[in-house]
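Worksheet for the structure shown next.
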Amino acid sequence: MLRLQGINAIIALVIFFVVLHLAFVPEQHVVRTTMSTLLGGIGFLLMTCSVVLATRLEVFEDMFGGLDRMYQVHRVAGTFTAVFALVHFFSIPKELPAGVDPLLNSTFPSAQIGMASMVLLVIGLFVALNRKISYSRWRNPHKVMALVYILVIGHFVNAPGIFFERFSASGILLIVAALMGTIALIYTMFGMNKRTAMRFTIEAVNSLERATEVVLKPVGDMLTFKPGQFAFVEIQGKEWSEPHPFTISSAPGEDRLRFTMKVLGDWTRKVREDLQPGGKVIVRGPYGRFDASKAECRKQVWIAGGIGLTPFLSKLRAMEESDDREIHFAYAARSREEAIFLDELKSLATDLGNVTLYPLFSDEGDFARIDKVKERLPGQLTEYEYFICGPKPMVDGLMSDLKKEGIKRRRIHVEAFEFR
Ligand SMILES: Cc1cc2nc3c(=O)[nH]c(=O)nc-3n(C[C@H](O)[C@H](O)[C@H](O)COP(=O)(O)OP(=O)(O)OC[C@H]3O[C@@H](n4cnc5c(N)ncnc54)[C@H](O)[C@@H]3O)c2cc1C
């Protein structure tokens, strides 16, 4: 769900800092010093926001509209951090004014720490934005960013007083941010994964067309989740690498947890080829705010492309016959054979009564496009609220067509199946 509170809070924080910084400019500052330290401070605040968002805390999911959105903001904030750091570096006066003691309050060489952190930040950004570097290769090096954050704190806390006035209003704000960011970092590294971990055993591994359904039995309590939410799945064993996010395709209330995983790369292929019943799995979650039940509009259009079906599958499996929404569900797949769970969807739609299913098969000329949806809807496009999940090109195309048709952005909800 699109939520703007989080973005607005970040903007408000930055504006607050700018006002404080410009309202109490130290006497010895030249304009260049004021502006350069301002940019450095904004960069640090954005980096702190990025660090805080990595905690995956629920309160931020509510503010940003889900973990996928939090990671998008995390990435954008990280990019701007590097930009501000670079401009700060090139604009900061290299000579101190006459009479200023460079070692005042300085126990470490602030400039060198700043330089080292900036180089690491720029390398980190390059790696993060380079799609050719696979997720698994990127994941561990990305953890160096925690060290970079600590280095940046060391840089400004040890800067000569002319550049960083510890007891000025904006200086105190940066120190408070540094404390909160450090607590967030410690929590992410040592607490986050323990808080949400739940143990399961693999009960069944079912092969579907280009996908695998993994059925998990809880060892203790069952995970509590809402339809459409996702979780990180970590298969235990040396040969299994990092956790991967998957939408829970079963309904809350079932005594088993089901994930439907499309075969895409090494990990999902290994699931299909090697995963055996009896193995142990840790599931961390639930996350996500792709919740159609709380939408303002009772007339809804759901559009799923390929494996983007999973959140809708959970919603349909959980839906009660008393549900008063009017739902038009376009399920797009390359072909009839690739449309997994099609028979179950048809019978759910028939039983529920309020759901109309439109299968769209591209090999038959029916693509997941708005014109194809429009010709099937009984009402005008503007009467509905939209929920979309599928491959990025499909989602981007639908979003732009819906905007052209005059649908407001707040009426379009998207679940992104990627964090990077
Ligand atoms: C919120 C969310 C829900 C998802 N739900 C489903 C689902 O229900 N069914 C489904 O089939 N797929 C789902 N995915 C996608 C799934 O996570 C990836 O397809 C899977 O991790 C690919 O792993 P791979 O190593 O086989 O493929 P690769 O080719 O290595 O990766 C393909 C892409 O998947 C992403 N990815 C890979 N590994 C990870 C990881 N450890 N953590 C995060 N992203 C990663 C990267 O963007 C990468 O570019 C979901 C993704 C997200 C973010």
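Each reported figure results from applying straightforward, stated rules to the coordinates on display, with no laboratory input. Model, not experiment: these values are computed from the prediction. Ideal geometry is used to build each Cβ from the backbone, glycine not excepted, and the neighbour counts take in all protein chains shown.
Think of the stretch 361-407 as having a plus end and a minus end, set by charges on the Cβ of Lys, Arg, Asp and Glu; of Phe367, Ser400, Phe387, Ser400 sits farthest toward the positive end of this dipole.
The orientation-averaged projected area of the convex hull spanned by the Cα atoms of the stretch 129-203 comes to 8.1 nm². Here is the list for the stretch 5-91: GluC sites (Glu not before Pro) lying in DSSP coil, each with at most 12 other C-beta atoms within 10 angstrom of its C-beta, are Glu27. Treating the stretch 296-415 as a set of equal point scatterers at the Cα positions, no solvent, please give the Debye-formula log₁₀ I(q)/I(0) at q = 0.15, 0.21 Å⁻¹. Log-scaled intensity ratios, in q order: -0.61, -1.27.
Over the Cα atoms of the stretch 195-305, Rg to Rh with Kirkwood Rh, two decimal places?
Answer for the stretch 195-305: 0.99.
The stretch 370-403 and the stretch 294-357 have Cα centres spaced 15 Å apart. The gain in end-to-end length when the Ser322 to Ile175 segment is fully stretched comes to 47.6 nm, 0.36 nm per residue minus the alpha carbon separation. Shape summary: the chain maps onto an equivalent ellipsoid whose semi-axes, from the alpha-carbon gyration tensor, are 47, 25, 18 Å in decreasing order.
What number results when the radius of gyration of the stretch 162-254, computed over Cα atoms, is divided by 2.2 N^0.38 Å? If you can, show how the numbers build up before the last one.
On the way: Rg = 20.8 Å, N = 93, 2.2 N^0.38 = 12.3 Å.
Output field value: 1.69.
For the stretch 375-414, the orientation-averaged shadow of the C-alpha convex hull comes to 2.9 nm² (one quarter of the hull surface). Based on the Stokes-Einstein relation at 10 °C and a viscosity of 1.306 mPa s, and on the Kirkwood radius from alpha carbon pairs, the stretch 5-190 is assigned a translational diffusion coefficient of 93 µm²/s.
Convex hull volume per residue, computed on the Cα atoms of the stretch 350-420, equals 128 Å³. Summing Cβ point charges (Lys, Arg +1; Asp, Glu -1) relative to the Cα centre of the chain gives a dipole of roughly 760 debye. Summarised as an ellipsoid, the stretch 1-81 has semi-axes of 29, 12, 8 Å, derived from the eigenvalues of the Cα gyration tensor scaled by 5 and square-rooted, with the largest first.
Computed over the chain, relative contact order equals 14 percent, with contacts defined as Cα pairs under 8 Å that lie 6+ residues apart.
Between Phe167 and Phe126, what length comes free when the chain is fully extended (0.36 nm per residue of separation minus the Cα-Cα distance, one decimal in nm)?
11.2 nm
The alpha-carbon atoms of the stretch 252-298 define a convex hull whose volume equals 141 cubic angstrom per residue. Measuring nothing but how far apart in sequence close Cα pairs (under 8 Å, 6+ apart) lie, relative to its length, the stretch 159-249 scores a relative contact order of 15 percent. Between helix 5-23 and the chain there is an angle of about 10 degrees, using the helix long axis and the longest principal axis of the Cα atoms.
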